[in-house]
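Sharing a structure here in structure tokens format.
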Amino acid sequence: MKARALPRDPVVSGLARVGPRTKLMTPHLHTGEVAVINHEDLDRVAAEGLVEARPAAIVNAALSISGRYPNVGPLLIAAAGIPLVDGVGEAVMTRIQTGAPVRIDHADVYVGGELVATGTRQTLQSLETEYESAKVTVGEELERFAENTIEFMRRERQLLFDTPSLPDLRVNLRGRQAIVVVRGADYKSDLAALSGYIREMRPVVIAVDGGADALRDQGFKPDLIVGDFDSVSDDAIRCGADLIVHAFPDGRAPGAARLDKMGVKYSTIAFAGTSEDIALLLAYEKGSELIVAVGAHGSMVDFLDKGRPGMASTFLVRLKVGPILVDAKGVSRLYERRIRKRDLALLLSAVTIAFLVAGFTVRDFFAQAFGILWDSVK
């Protein structure tokens, strides 16, 4: 009996879109193109951006799951039905140019008729196996992460007690609520759920890098933008917000070069932690009464996704601002169940008008009835 041939993966083709930094390439990725990236341990936010763009396929020079920790990004790619060829090697980043016609036959990558790279054609099943294996070995990574966190905490513990040097701002945060928007997990859905809260409570809106464009997509304008400005659009930079560049402790501020070239005003804050930490500290030190965090990073996986070896500054900052810091999901749930003042005022107005109308109607009825009775008596 002749053995049945195993089905081969379908051949996929499209024009290439090459980007060594996924988050910078994704906004330019068009549906049907082949995304060529170099992204080890593809994180969830980057994967969500790729899925939203709907490329014909993704070619990754690195391993989408290296095994250091269980990252969910590649699973989202496979679940969306997007072919993923993994670990083809860094040479592909120069051998394929944006706009070149790419054809993927199983795990082989061709430009024209030339074979330029070969990797592993991933499936949802193969990625799930790698994900489960990473869960088993994550202990070593967790130990290194904890050691780095403790080491950095010894150096940065002054964050709990010192007041950092902060620039003057045009917007006054004292006594007001603030919302800090980070391009992290669930940031789009959380921001959409908070649209009513933002419109009614009018908090000071602080964006961290790409969070500025997320806000603008929802129809909101940031009051402050904090970060290194590598993933913010020119339109967002020019929207009129105060711009604060995150500088290294030694004063170097790579993000300042772009703003200098654009000719816009900005301030700098030298800080060893993340731009997200700066945004939270800024709101706290400037006197906000409540800070709502959207898309914030708070778990070990969040930080490993961002390529950070520890989370000391974030841990210390959250210890400091903790009493007034709340998560967006909690605020949106509470807000949905609360009767808003405007709605209550409208309801009371409607009830009052109804009573007045009813009162006039009843008065007219009794007046007419009394008149008829009086006429019959006469």
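Each reported figure results from applying straightforward, stated rules to the coordinates on display, with no laboratory input. All figures in this text were calculated on a predicted structure; none of them were measured in a lab.
Using the structure shown, list the pairs from Lys23/Lys221; Lys23/Lys261; Lys221/Lys329; Lys221/Lys286; Lys188/Lys265 with a Cα-Cα distance above 25 Å, or answer none. All intermediate terms of the calculation are to be shown ahead of the outcome.
Working: Lys23/Lys221 22 Å; Lys23/Lys261 22 Å; Lys221/Lys329 21 Å; Lys221/Lys286 20 Å; Lys188/Lys265 28 Å.
Over 25 Å apart, Cα to Cα: Lys188/Lys265.
Kindly give Rg over Rh for region 1-121, based on alpha-carbon atoms, with the Kirkwood expression for the hydrodynamic radius. All intermediate terms of the calculation are to be shown ahead of the outcome.
On the way: Rg = 14.0 Å, Rh = 14.3 Å.
Rounded to two decimals, Rg over Rh is 0.98.
Taking amide H atoms as placed 1.01 Å from N in the peptide plane, list the residues 5 or more away in sequence, or in a different chain, whose amide H sits under 5 Å from that of Thr98.
Correct list: Val18.
Roughly speaking, what is the stretch gain from Leu166 to Asp260, that is 0.36 nm per residue apart minus the C-alpha to C-alpha distance, in nm to one decimal? All intermediate terms of the calculation are to be shown ahead of the outcome.
On the way: separation 94, 0.36 × 94 = 33.84 nm, distance 2.03 nm.
Additional length available on full extension: 31.8 nm.
Tabulate in residue order the Karplus-calculated ³J(HN,Hα) for region 195-208, using 6.51 cos²θ - 1.76 cosθ + 1.60 with θ = phi - 60°, rounded to whole Hz; enter x for Gly and Pro.
So the J values, rounded to whole Hz, are 4, x, 4, 5, 5, 7, 7, 6, x, 5, 9, 10, 9, 10.
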